[in-house]
Amino acid sequence: MSAPGHSNPLPLAGVRVLDLSRVLAGPWCTQTLADLGADVWKIEAPGRGDDTRSWTPPDVGGESTYFMCANRSKRSLAVDLRHPEGRALVQRLAAQADVLVENYRLGALAKFGLDYDTLSRAHPRLIYCSISGYGRTGPRAAEPGYDFVIQAESGLMSITGEPDGAPMKLGVAITDLVTGMNATQAILAALLARHQSGKGQLIDLALLDSAVSVLANVGAGYLAAGHAPQRFGNGHPTVVPYQIFATADGAFALGVGNDTQFAALCAALGQPQWAQDERYRTNRARALNRATLVPELRRILLTQSSAYWLARIRAAGIPAGPVRTVPQALDAPEIAARGLLADTADAVHGSLRLMRSPLHLRGTPPREPAAPPRLGEHTDEVLAQVLGASAADIQGWRDAGAVA
């Protein structure tokens, strides 16, 4: 359905997605496709479902909030791929799908006749997105890949953490999330390409590729200039001052992105002469002389409260903000004003507080979120709608153990 107040169709209305993925990268991708209007059929193993259904705490009445974060607005089918009739049903669903997303181990789906080569022969318009730790080619293609290990191997952990501390991972599974975003981009591009060519294609995405690609400026510094990066904690390797500063009653984040902003900061701090000091006048000079500048900033900022400094610094047009907890961030007035959170109707809990899509398309906005599905909640509905199965057919498959 369209968002309230809008009569335009959803951007991906009519697109059918067969979701054979689990945990986070694949589900994050298919959730975005669902937000944009695609009909996502999530295939789960009877009795246990997606691995994240058991990842608790936290939970709501025993139901995993981890699962909830990546599976809104989908339809769940409990189908046993190990059962011949279950495999046949998923093969039939694949024949009706526009997109298939999977993250199985290398070669696992070929045993079920659900690999790209097999499916594309009968369904050349199928867009098949394969997500893995190390890609479907290369010396490590057969290995499993988890975000934590990928963060370590990609170099991301080596640039995260305090300078004299241990390498540190990000607080969320960032390589899974980035790979899910990349998968969404690739699928949208493939849908556009199919509109021109009439043909689908295989998309091969690796968590390691995605993680290395987000080294961004740090990676470019090594590739182009041979610069071996180091950790700066909450500081920035190139831009100064750009870090957390303590105040008389707390701390805040300060981001001075250019020389004009630095001059404005100097005036706000009562130190206008710094803007003309050759040690600090340019960003390059400030980066080279951070050892003398940062202690001076710390000394001054400790003399007043966070509220005092934030008012002065923001009034000068300089980006700055408090260091919030997650509850503080999610309860912030600007988040409410943007409509990022939704109280979503739920058959069991009455209502769930969930995220909306952050994609603000004014002409074709994403759908309002629907509650994440219970395991197998839509098995009968999808088999009837998509495959034309009768109640007797479905009961027969259920009795045989192919579906649940």
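The values are calculated or read from the model by the stated rules, or taken from the named source; none is laboratory data. Being a predicted model, the structure only gives us computed values, none of them experimental. Please note: Cβ atoms are built from the backbone with ideal geometry, for glycine as well, and neighbour counts cover all protein chains shown. Please note that ligands, DNA and RNA were not included when accessible areas were found on the heavy atoms of the full protein model with its side chains. Shrake-Rupley method; radii C 1.70, N 1.55, O 1.52, S 1.80 Å.
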Just name the residue that is least open to solvent (accessible area, probe 1.4 Å) out of those in segment 346-398 that are out of contact with any helix residue (DSSP H, G or I) (no Cβ under 9 Å at 6 or more places or on another chain) and among the small types (G, A, S). G376
Can you work out which of the residues in segment 194-230 that are in contact with a strand residue (DSSP E or B) (Cβ under 9 Å, 6 or more places away or on another chain) and over 18 Å from T175 (Cβ atoms) is surrounded by the most Cβ atoms within 10 Å (Cβ to Cβ)? G200
Could you please find all residues in segment 280-297 being within 13 Å of P241 (Cβ to Cβ) and open to solvent by 40 Å² or more (accessible area, probe 1.4 Å)? N289, R290, A291, T292, P295, E296
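Do you know which residues across segment 60-70 are part of a helix (DSSP H, G or I), more than 16 Å from I43 (Cβ to Cβ) and of a type outside the set (S, T, Y)?
M68, C69
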Mind listing whichever residues of segment 192-229 are of a type in the set (A, V, I, L, M) and outside any helix (DSSP H, G or I)? L202, I203, L205, A206, V214, L215, A228
Hey, any hits in segment 314-335 for a residue that's more than 30 Å from V172 (Cα to Cα) and in contact with a Gly (Cβ under 9 Å, 6 or more places away or on another chain)? no
Could you list, in sequence order, the residues of segment 321-338 that are farther than 25 Å from N234 by Cβ and surrounded by 11 or more Cβ atoms within 10 Å (Cβ to Cβ)? A336, R338
Hey, can you tell me all the residues within segment 194-224 that are without any contact (Cβ under 8 Å) to a residue 12 or more places away in the chain and in contact with a Pro (Cβ under 9 Å, 6 or more places away or on another chain)? Y222
Residue count, segment 231-278, condition open to solvent by 70 Å² or more (accessible area, probe 1.4 Å), over 13 Å from R298 (Cα atoms) and under 29 Å from the mean Cα position of the chain (by Cα), comes to 2
In contact (Cβ under 8 Å) with a residue 60 or more places away in the chain and open to solvent by less than 80 Å² (accessible area, probe 1.4 Å): which single residue out of I300, I318 fits that description? I318
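Here is a yes/no grid of residues against (1) more than 15 Å from G26 (Cβ to Cβ); (2) within 20 Å of the chain's Cα centre (by Cα):
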{"residue": "D176", "(1), (2)": "no, yes"}
{"residue": "M181", "(1), (2)": "no, yes"}
{"residue": "T184", "(1), (2)": "no, yes"}
{"residue": "A189", "(1), (2)": "yes, yes"}
{"residue": "G198", "(1), (2)": "yes, no"}
{"residue": "L208", "(1), (2)": "yes, yes"}
{"residue": "A211", "(1), (2)": "yes, yes"}
